[in-house]
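Data first, discussion second: the structure below is written as C-alpha cells.
The values are calculated or read from the model by the stated rules, or taken from the named source; none is laboratory data. These numbers come from a predicted model, not from an experiment. Positions of Cβ are backbone-derived with ideal geometry, glycine not excepted, and every protein chain shown enters the neighbour counts.
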Amino acid sequence: MKLRICPKCTDDVKKLRKKLARLAPDAKVCMGCQSMCKLGRKKQFVIVGKDEVVTAKSTKKVVKKVGKLIKKCG
C-alpha cells in the first residue's frame with residue numbers, strides 16, 4: 001500500500017510520517033507535492049493508494065481515519 005503526503009502542506013511532516021509508519025509498517029510513505037495546495041492549506045490530508053484522499057483538521061484525526069480505512073481495506 002502507498003501513502004502519499006505533501007511536506008509543503010503538512011504542518012508537522014516528521015510526526016505524521018512516524019505515526020503512519022507505526023500504523024502501517026508495510027506501507028510505503030511517499031513525500032512530495034501532491035498538487036492539492038488549496039486543500040492542504042485548510043486541512044491535513046493523506047492520499048491512500050491511488051486516489052483515496054483522507055482529510056481531517058489535525059494530524060491525530062487524519063491518522064485515525066487512515067487507520068480505519070486500512071483496516072477496512074486490508
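Summary of values
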{"item": "Checklist (1) touching a strand residue (DSSP E or B) at 6+ places or on another chain (Cβ under 9 Å); (2) within 12 Å of residue 19 (Cβ to Cβ); (3) in a helix (DSSP H, G or I) applied to residue 67, failing item", "result": "(1)"}
{"item": "Failed item, numbered, when residue 33 is tested on (1) part of a helix (DSSP H, G or I); (2) touching a Pro at 6+ places or on another chain (Cβ under 9 Å)", "result": "(1)"}
{"item": "Selection count, the range 59-74, where residues are under 11 Å from the mean Cα position of the chain (by Cα) and loosely packed, with under 14 Cβ neighbours inside 10 Å", "result": "1"}
{"item": "Any hit, the range 40-50, residues being of a type outside the set (Lys, Arg), at pLDDT 90 or above and assigned to a helix (DSSP H, G or I)", "result": "yes"}
{"item": "Subset of the range 46-58 [crowded, with 16+ Cβ neighbours inside 10 Å and either under 18 Å from residue 25 (Cα atoms) or touching a Cys at 6+ places or on another chain (Cβ under 7 Å) (or both)]", "result": "46, 47, 48"}
{"item": "Residue that is surrounded by the fewest Cβ atoms within 10 Å (Cβ to Cβ) [pool: residues in the range 16-44 that are more than 10 Å from residue 3 (Cα to Cα) and in contact with a strand residue (DSSP E or B) (Cβ under 8 Å, 6 or more places away or on another chain)]", "result": "32"}
{"item": "Members of the range 7-49 that are closer than 24 Å to residue 72 by Cβ, touching a helix residue (DSSP H, G or I) at 6+ places or on another chain (Cβ under 9 Å), of a type in the set (A, V, I, L, M, F, W, C) and free of Cβ contacts under 8 Å to residues at least 40 places away in the same chain", "result": "29"}
